[in-house]
1. When 1/r is averaged over all different Cα pairs and the result inverted, which Kirkwood radius in Å belongs to the chain?
2. Count the net charge of all other residues whose Cβ sits under 11 Å from the Cβ of T307, scoring Lys and Arg as +1 and Asp and Glu as -1.
3. R0 = 30 Å: FRET efficiency of A238 with L90, Cβ-based, nearest 0.05?
4. In the Gaussian network model of the chain, springs joining C-alpha atoms below 10 Å, which of G294, G28, G349 carries the largest mean-square fluctuation?
5. Compute the signed sum of charges (Lys and Arg +1, Asp and Glu -1) over the other residues within less than 14 Å, Cβ to Cβ, of A251.
6. With +1 on each Lys and Arg Cβ and -1 on each Asp and Glu Cβ, how big is the dipole of the chain about its Cα centre, in debye rounded to the nearest 20?
7. For labels at K339 and D58 in the simple 7 Å Cα→Cβ model, what's the distance in nm?
8. Positive end of the charge dipole of the chain (Lys, Arg +1 and Asp, Glu -1 on Cβ, about the Cα centre): tell me which of F159, V266, F191 has its Cα farthest that way.
Amino acid sequence: MSTKRARALGWRIPFPRSVAGLWIFAIGAILLVMLGVQILSGIILAMFYVPTQELAFDSIIHIMRAVNHGELLRNMHAIGASLFFFACYLHIFRGMYYSVYRRPYVKMWFISVTLYVLLMVVAFLGYSLVWGQKSYWAATVIASFARAIPWAGDTLYAFLVGGYAPGTPMLGRFYVLHFLLPFVIVVATLFHIRTVQSAFAQAMKKTFSEKSCRRLLFDYQITDLDVIKTTLFLMLFAWFLFFAPHYLSSADNFIPADPTVTPAVVAPEWYFLPFFSILRCFPNELVGLTAMCGSVLVFYFLPWLDTSRARFRHYSRLVKCGFWIWVLNACFLGWLGSKALVGPDLTDGFSNEEGWIRAASQLSTLIYFAWFLLVLPCRRFLEKQE
């Protein structure tokens, strides 16, 4: 369709310059495509999966070996989850960098964070369903932290596990939730698209008719960019799928779950590692659980923690530098989460024959929260307000 035709039909919806300028980070279309890939491949896999302690792992092996194109579908689902979170983190980092949690984007930001929380829950449930050695112990360790919650901990643990130890009841519950929650994500995504359009229109101070709003069509320029971005991302997806299908997986997860053998390092998938590092770095389980939940829920409070009202061109270089330090620190937290937790606490120092992973994890956790609780509230003193 020509540009004049698109303008005549009233499909042009303005968007901030940050979307057009740093186009590689504006990847909402990629997330939509990957969501569709995950749902379609998940529905097919659900037809063959058996959520029992005895047959869960064997059913996955059966899918990969006996079902037509089963290995392709299973790898597509597993690799798609990793690349889905990779795109999601780029999307979040871009939003934080341009401070799109301010007005008029507050509602859009709340829905975005809610979508991210739902994605984390669905991914954890799906990872547990593999019932390999790594996923079994990761689910066991995470579920055991529920007991640290005062008063309701034992009840919550019994609800999650369904017995004295993880087994068939837990798999059945995780399987049902893993199948149903993606449809909740689809509904929330529709609301998110709606709020994105409304927020962009409000930001550009332009009104649209009800008929135009119902179409939910973005600017044709954004659509053209989305085609390019999606194609490049799918090329990356295809490379992993056909040339390195198990590169993002752990070898331990190709071993059936054995409750009598504990792996040397118990860790979830890479996209959970920063939060897992925060969870386990404190000796007290309740403190670790509170810190991990706080590291996610703090994103809800960014509209109030960031006191600056400066436009992007007036952002302080010091704040920009601090943001990239925070990003690097989050990646470092992920690396620490993949290592065995050894060494003393941060108060005892780094020099110890046992190692320094615990002390480094605690220091990185403090840096993680310092960005939200110290740097953002002080931004208004460093930048020109408008």
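1. Values: mean 1/r = 0.0437 Å⁻¹.
Every distinct Cα pair counted, the radius reaches 22.9 Å.
2. On the way: positive: R102, R309, R379, R380; negative: D306, E383.
Neighbour charge sum, excluding T307 itself: +2.
3. Values: r = 19 Å, r/R0 = 0.63.
Efficiency for this residue pair is about 0.95.
4. Maximum among the listed residues: G349.
5. Numbers: positive: K134; negative: D252, E269.
So the environment of A251 carries a net charge of -1.
6. Working: 32 positive and 19 negative charges, 522 e Å.
With only Lys, Arg, Asp and Glu charged at Cβ, the dipole is about 2500 debye.
7. About 4.1 nm separates the two model spin labels.
8. Going by the Cα projections, it comes out as F191.
The numbers here are math on the coordinates, done by the rules we state, and not lab data. All figures in this text were calculated on a predicted structure; none of them were measured in a lab. FYI the Cβ positions are ideal-geometry reconstructions off the backbone, even for glycines, and counts take in every protein chain you see.
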